[in-house]
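Q: One structure is given below, represented as C-alpha cells, and several questions about it will come after.
The values are calculated or read from the model by the stated rules, or taken from the named source; none is laboratory data. These figures come from a predicted structure and were not determined experimentally. Reconstructed Cβ throughout: ideal geometry from the backbone, glycine too, with neighbour counts over all protein chains shown. Heads up: the accessible areas ignore ligands, DNA and RNA and are worked out on the full protein's heavy atoms, side chains in. Shrake-Rupley method; radii C 1.70, N 1.55, O 1.52, S 1.80 Å.
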Amino acid sequence: MTYRLGIDVGGTNTDAVVLDEVDRPVAKAKSPTTPDVTSGIVRVLGKVLGQGLVDPRQVAYAMLGTTHCTNAIVERRRLTPVAIVRIGRPATAAVQPLTGWPEDLASVCGRYVYLVRGGHEYDGREIAPLDEKEVARACREVRGKVGSLAICSVFSPVSSAHELRAAEIAREELGGVHISLSHEIGSIGLLERENATVLNSAVSGVAGQVAAAFEQALRERGIEARTYFGQNDGTLMAVDYAVRYPIFTVACGPTNSIRGAAFLSGLRDAVVLDVGGTTTDVGVLANRFPRESSVAVEIGGVRTNFRMPDLISIGLGGGSIVRLGAGTGAGPGGRSGGGLTVGPDSVGYLLEEKAVVFGGDVLTATDVAVKLGLIDLGDPSRLSVLDRTTAQGAHARMVSMMEDALDRVKTSPQTVPVVAVGGGSILIPDRLAGASEVVRPQHFEVANAIGAAIAQVSGQVERIFSLAGMGREEALEEARRMARDEAVRAGADPATVEIVEVDDVPLAYLPGNATRIRVKAAGSLAG
C-alpha cells in the first residue's frame, strides 16, 4: 500500500489529508495557520500522522499548496533583491519597467533596471539585434548585489531567442543566480508579463526556503516521498519546477478547493463556494478544472497576465466579525444594535481565542452558526445574550452575500449546481437563489487538501503564430507539442500526458494572418 499526502495552507487553517491507492481519505487533520506558515505545516503533519492510521514509510507522494509566496508579496517581506533587464530599446523606452507599481514594492524590486537594444516584432522579426555587450555590462554591475535576475524581451512569447541568449550571458557573468525568463511565465502583453517575471524573481528565495523546509519536515517524520507544489491552474509541479516558477503558486489554495470539490462531488461543471475562516472564494468548475481568468490580475497591487483562476473573493468566513448596531437585539456583553454588518475583517487563525463560544469577546460568523444550531462547537451557553432573531438576521446577511457572488460568476441566468466546501461552509444553507442544488460532499472541510493530493501535473503554452509561413494545423500541432513538453518538465509521466484544452483566436488586427494559440496538457505523476 502506498499513500498520497496533501497539505493546504489557508489564511485561517492548515489542512492535511492522506489518501490511499484508490484516492480514499484515510486520515485528515486541521491546525491553525501560524504567522511563519512553516510551523503550522509541521503541526498539521504531526496531527495527521499522529492518528496512527498511516505508516509514514508508505507515503509515496507529498503535495503542498502554500501561501508563502503570496504573503511575501503582500507583506513586502523576505523578497529577493532583483535586477531587471528589459530587451526592447528603443521601441519600448517610452514606458519604463515597474510602471504603476506601489512605491514600497518598487523600492525593493526596482533598484537595478536596464533597458538594452533588441527584441522582436509580433511575427518574430527582429526589431534590433540583441546588444550582448550591454547585457554583460549590466550583469557585471549587479554582481554580488542581487539574488535574482528578471529578463523580459518584447514579444518574447513569439520569439524567445534574445531572452535565451541573454540568460546564457547572465550565467557566464553571475554564476548560479536565479534567472526568470518572461516567455516562460506570462502571455503577450509586455508590461504585465514583465511584472509577473519580476515578482517571480522576487519570491524565488522564499520558494527555495519553503521547499527545503517542507522536505526536511517530511524527513523528520520518516517520510521519503516525491514532493510537489500546487499551482494556480489546479495542477501540480515538481519541487525544482516550483522553485524556478514560484509565481505559479500564488492562487493554488482556491484552485485546490475547486479540484477537490470536483473530485468529492463527481461533478464536471458547477460553481464552487469555498468558505474558509476569512474569505469565501467563488470559482467555476469547467470540465473538472478551474475556469481561468481572461483579464489582468493584480497581485500585491501589481498587474500581471499569467494563468490565474477566475475567482471572486468576498470577506465572509467562519471568523468574520459580526457587528450589531442599535435596535436589532442584544449581543454578547449586553451590546445591542441595528445596521448589522458581517466582515470583511476576521479574527482569522485566532478564532479559537477570540470567538465568543471559545471564551473570547468577539462575535463571529461561527458564533452565529452555533446559535442557530448549524454546528455543535465550543460552549453554546456563552451565547445566551445573543437572541435568535438577531442571529437569523446575521445569517440572512451572509446568505445574501453568497447569492450575490454566485450571480456574479454565472454567465447565464440558468440555475447551476453549487458545491459547498471549506470549514466555514456550514454557513451555506441547503437552498440558494440561482442554484439548482447545493451539494455538500463528504470530507468537504478538507477539500483543498484533497485537491492538492489528487491533482495532475500540467503544462501550458500561449503563443502568437504567424500563419504566413505555416498552416493552422501545423501551428496547432507545434503548440500541442510544446504544452506536452512543459507538462513533462513539470513532472508528468510522458505516457499519460493528454491535451485537455485548446484555444485558437485569430488576431484580425495584426497583419500576417496571425493567431494566438493557447494549449494546456495534463498527465499523471511520474513514478
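Q: Kindly check whether there is at least one residue in segment 226-239 that is among the aliphatic types (A, V, I, L, M), surrounded by fewer than 23 Cβ atoms within 10 Å (Cβ to Cβ) and under 28 Å from L164 (Cβ atoms).
A: Among the residues of segment 226-239, at least one is among the aliphatic types (A, V, I, L, M), surrounded by fewer than 23 Cβ atoms within 10 Å (Cβ to Cβ) and under 28 Å from L164 (Cβ atoms), which makes the answer yes.
Q: Let me ask something else about it. With respect to the numbered conditions (1) touching a His at 6+ places or on another chain (Cβ under 6 Å); (2) crowded, with 19+ Cβ neighbours inside 10 Å, which one is the sole condition not fulfilled by P25?
A: Unmet for P25, out of (1) touching a His at 6+ places or on another chain (Cβ under 6 Å); (2) crowded, with 19+ Cβ neighbours inside 10 Å: (2).
Q: For segment 385-409, what are the residues that are open to solvent by 40 Å² or more (accessible area, probe 1.4 Å) and assigned to a helix (DSSP H, G or I)?
A: The answer is R388, T389, Q392, A396, R397, S400, E403, D404, D407, R408.
Q: If you don't mind, another one. Of R303, R335, which residue is open to solvent by 60 Å² or more (accessible area, probe 1.4 Å), at pLDDT 70 or above and either touching a helix residue (DSSP H, G or I) at 6+ places or on another chain (Cβ under 8 Å) or farther than 25 Å from L285 by Cβ (or both)?
A: Going through R303, R335 in turn, just one is open to solvent by 60 Å² or more (accessible area, probe 1.4 Å), at pLDDT 70 or above and either touching a helix residue (DSSP H, G or I) at 6+ places or on another chain (Cβ under 8 Å) or farther than 25 Å from L285 by Cβ (or both): R303.
Q: Turning to a different aspect of this structure: Please specify each residue of segment 474-507 satisfying the condition of being assigned to a loop (DSSP other than H, G, I, E, B) and among the charged types (D, E, K, R).
A: D493
Q: Could you please find all residues in segment 179-218 being hydrophobic (A, V, I, L, M, F, W, C) and within 14 Å of A167 (Cβ to Cβ)?
A: The answer is I179, L181, I185.
Q: Would it be correct to say that A91 is more than 32 Å from the chain's Cα centre (by Cα) and in contact (Cβ under 8 Å) with a residue 40 or more places away in the chain?
A: yes
Q: Continuing with this model, one more query. Filter segment 474-519 for residues that are at pLDDT 85 or above and touching a helix residue (DSSP H, G or I) at 6+ places or on another chain (Cβ under 6 Å); which is most open to solvent (accessible area, probe 1.4 Å)?
A: Looking at the filtered set, the residue picked out is P494.
Q: Looking at segment 386-398, I want the residues that are within 10 Å of L372 (Cα to Cα) and have a partner that is open to solvent by 50 Å² or more (accessible area, probe 1.4 Å) and in a helix (DSSP H, G or I) with Cβ atoms under 7 Å, at least 6 apart or on another chain. Which pairs are those?
A: Listed pairs, sorted by first residue: R388/K371; A391/K371.
Q: Could you check P254 against (1) in a helix (DSSP H, G or I); (2) under 15 Å from M63 (Cβ atoms) and say which number it fails?
A: Condition not satisfied by P254: (2).
Q: Taking the condition closer than 26 Å to F248 by Cβ and modelled with pLDDT under 90, does S148 pass?
A: Taking the combined requirement at face value, the residue does not satisfy it.
Q: Can you name the residue in segment 240-251 that is out of contact with any Gly (no Cβ under 8 Å at 6 or more places or on another chain) and assigned to a helix (DSSP H, G or I) and, of all such residues, is most open to solvent (accessible area, probe 1.4 Å)?
A: The extreme case among them is D240.
Q: Mind checking which residues of segment 139-165 are of a type in the set (A, V, I, L, M) and either more than 18 Å from S182 (Cα to Cα) or touching a residue at least 60 places away in the same chain (Cβ under 8 Å) (or both)?
A: Across segment 139-165, the qualifying residues are V142, V146, L149, A150, I151, V154, V158.
Q: Also, quick follow-up: Could you pull out every one of the strands (runs of 3 or more DSSP E) wholly within segment 11-127 that has 2 or more residues that are closer than 17 Å to R193 by Cβ?
A: Answer list for segment 11-127: 82-89, 112-117.
So that you can scan it fast, the table gives a plain yes or no per residue for (1) under 15 Å from the mean Cα position of the chain (by Cα); (2) within 30 Å of G147 (Cβ to Cβ); (3) of a type in the set (A, V, I, L, M, F, W, C):
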{"residue": "I247", "(1), (2), (3)": "yes, yes, yes"}
{"residue": "I258", "(1), (2), (3)": "yes, no, yes"}
{"residue": "F263", "(1), (2), (3)": "no, no, yes"}
{"residue": "A270", "(1), (2), (3)": "no, no, yes"}
{"residue": "G283", "(1), (2), (3)": "yes, no, no"}
{"residue": "S294", "(1), (2), (3)": "no, no, no"}
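Q: Residues in segment 128-152 that are assigned to a loop (DSSP other than H, G, I, E, B) and under 21 Å from R76 (Cβ atoms): how many?
A: Summing the residues that are assigned to a loop (DSSP other than H, G, I, E, B) and under 21 Å from R76 (Cβ atoms) in segment 128-152 gives 3.
Q: Only one residue in T279, T249 is touching a helix residue (DSSP H, G or I) at 6+ places or on another chain (Cβ under 8 Å) and either modelled with pLDDT of 85 or more or of a type in the set (S, T, N, Q) (or both). Which one?
A: So the residue among T279, T249 that is touching a helix residue (DSSP H, G or I) at 6+ places or on another chain (Cβ under 8 Å) and either modelled with pLDDT of 85 or more or of a type in the set (S, T, N, Q) (or both) is T249.
Q: Taking into account only those residues within segment 94-116 that are farther than 18 Å from L181 by Cα, open to solvent by less than 60 Å² (accessible area, probe 1.4 Å) and touching a residue at least 60 places away in the same chain (Cβ under 8 Å), which is farthest from the chain's Cα centre (by Cα)?
A: V108
Q: Still on this model: Name the pairs whose Cβ atoms lie under 6 Å apart, with the first residue in segment 195-223 and within 25 Å of Q58 (Cβ to Cβ), the second assigned to a helix (DSSP H, G or I) and β-branched (V, I, T), and 6 or more positions between them or separate chains?
A: From residues that are within 25 Å of Q58 (Cβ to Cβ), the pairs are A211/V239; A211/V243; A213/T38; A217/V42.
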